[in-house]
Amino acid sequence: MSIHLHFRAVAETEIRNDHAWLAAFMSAAWDRHADERQAGVSASFDKVFGLVDEFYSAADADGRELPGYGGRPVASGTGFDPPLMLMCAPEVSRAARFLAAVSFDDLWRAVSPRFRALGPDEESNREEFRRYHVGLWAFYAQAASAGHSVVKAVWA
């Protein structure tokens with residue numbers, strides 16, 4: 001079973017604060033994910049998003065919680081299916097500043113004992129997390145420069 005955390009940058013003026021509308025928007029965005037990822041307005045992680053969030057928790061810095069789990073939950077009348085979060089533009093900017101300022105190498109040194117055992121070898125794990133970091137940094141930098149908000153959905 002695959003579980004994905006899907007990020008989509010969008011102008012705040014285009015967003016409706018309504019779970020059903022956001023779920024439909026994110027579902028359509030997921031269908032176009034490859035193209036949107038190429039355009040820099042979308043990102044996602046398969047299964048590892050909890051580990052990516054844990055990776056950033058090694059930073060003792062403002063904004064560390066934002067790249068993965070930041071934002072406010074958006075509930076429907078029947079709950080949170082699918083789970084959705086919404087980050088306003090100032091939060092997106094704060095996440096972008098955090099990602100630009102945090103040193104991947106410093107984070108890796110802080111977490112590597114915990115992460116060393118996650119895969120076949122430390123270098124493979126390091127490169128995988130470097131790709132996550134670089135991808136998130138580029139995504140949030142572009143979203144922040146455009147003044148966009150970010151909608152997040154968890155797909156199972």
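The values are calculated or read from the model by the stated rules, or taken from the named source; none is laboratory data. All values reported here derive from a predicted model rather than from experimental measurement. Backbone-built Cβ (ideal geometry, glycine too); neighbour counts: all protein chains shown.
If the condition is being in contact with a Phe, Trp or Tyr (Cβ under 6 Å, 6 or more places away or on another chain) and charged (D, E, K, R), then the range 48-89 contributes Asp53, Arg64. Among the residues of the range 77-122, those identified as farther than 18 Å from Val52 by Cβ and exposed (fewer than 13 other Cβ atoms within 10 Å of the Cβ) are Gly77, Thr78, Gly79, Asp81, Pro90, Pro120, Asp121. Comparison of Tyr69, Tyr56 shows that the only residue that is touching an Asp or Glu at 6+ places or on another chain (Cβ under 7 Å), touching a residue at least 12 places away in the same chain (Cβ under 8 Å) and surrounded by 12 or more Cβ atoms within 10 Å (Cβ to Cβ) is Tyr69. Of all residues in the range 98-117, those satisfying the criterion of being of a type in the set (A, V, I, L, M) and over 20 Å from the mean Cα position of the chain (by Cα) are Ala110, Ala117. The one condition from (1) under 23 Å from Ser27 (Cα atoms); (2) modelled with pLDDT of 95 or more; (3) assigned to a helix (DSSP H, G or I) that Leu136 does not meet is (2).
Just to check your reading of the model, which residue among Val150, Val74, Val154, Val52 is out of contact with any Ser or Thr (no Cβ under 7 Å at 6 or more places or on another chain), more than 22 Å from Ala28 (Cα to Cα) and either modelled with pLDDT of 95 or more or β-branched (Val, Ile, Thr) (or both)? On inspection, the qualifying residue turns out to be Val52.
Per the conditions (1) at negative phi; (2) crowded, with 18+ Cβ neighbours inside 10 Å, the sole criterion not satisfied by Ala20 is (2).
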